[in-house]
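The values are calculated or read from the model by the stated rules, or taken from the named source; none is laboratory data. Model, not experiment: these values are computed from the prediction. Virtual Cβ from ideal backbone geometry, glycine too; neighbours counted across all protein chains shown.
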């Protein structure tokens with residue numbers, strides 16, 4: 001048995017019709033305002049919060065929202081300016097940077113800020129799959145050769161492709177330089193053991 005009282009005035013029916021038309025008017029309002037499009041501006045733009053109506057979807061990648069200039073994105077190394085100080089690898093909290101340096105007696109020139117280069121750089125690998133984008137490595141770099149670029153869309157299907165190599169020697173050249181450095185070290189130790197001072 002139904003204990004509901006009859007609704008002689010039809011108020012429930014009127015409320016349903018009112019709700020229906022209210023929802024329909026809201027849908028129509030969004031349909032009309034959806035013909036215009038919000039311009040793709042970044043959060044640093046003064047008009048970012050003043051755009052309250054219009055489509056917000058952008059057609060990526062042909063359209064992109066400007067990214068902040070102080071954002072942290074993919075790392076890049078200027079190999080010519082690296083002095084192989086190893087500070088970036090030591091400060092990295094996730095160990096995503098691998099560096100190897102080879103000593104030489106010759107001068108390898110100067111960096112762009114005038115710092116002397118004394119080591120070859122056969123290996124400088126950055127595993128961006130491990131990187132936590134903290135930016136500590138760029139902060140401690142004395143020659144400012146390690147920077148974060150504005151490139152943020154570098155996804156890959158293979159994780160090995162997230163490992164970036166920045167060494168400035170080929171594997172054959174690196175082997176040759178290692179042998180030379182080993183021979184120099186052996187000669188230096190022999191001279192020291194023989195009492196010859198440099």
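Annotations for the structure displayed:
- Filter result for the condition that a residue is at pLDDT below 90 and not assigned by TED's automatic domain parsing to the domain that holds residue 95, over 173, 185, 198, 156: 198
- Consider the range 105-132 and keep the residues that are in contact with a helix residue (DSSP H, G or I) (Cβ under 7 Å, 6 or more places away or on another chain) and assigned to a loop (DSSP other than H, G, I, E, B). The one that is surrounded by the fewest Cβ atoms within 10 Å (Cβ to Cβ) is 105.
- Verdict on residue 33 being farther than 27 Å from residue 155 by Cα, surrounded by fewer than 14 Cβ atoms within 10 Å (Cβ to Cβ) and in contact with a helix residue (DSSP H, G or I) (Cβ under 6 Å, 6 or more places away or on another chain): no
- Residues being surrounded by 12 or more Cβ atoms within 10 Å (Cβ to Cβ) and part of a loop (DSSP other than H, G, I, E, B) - total across the range 54-70: 6
- Tally, over the range 154-174, of residues that are part of a helix (DSSP H, G or I) and closer than 22 Å to residue 107 by Cβ: 2
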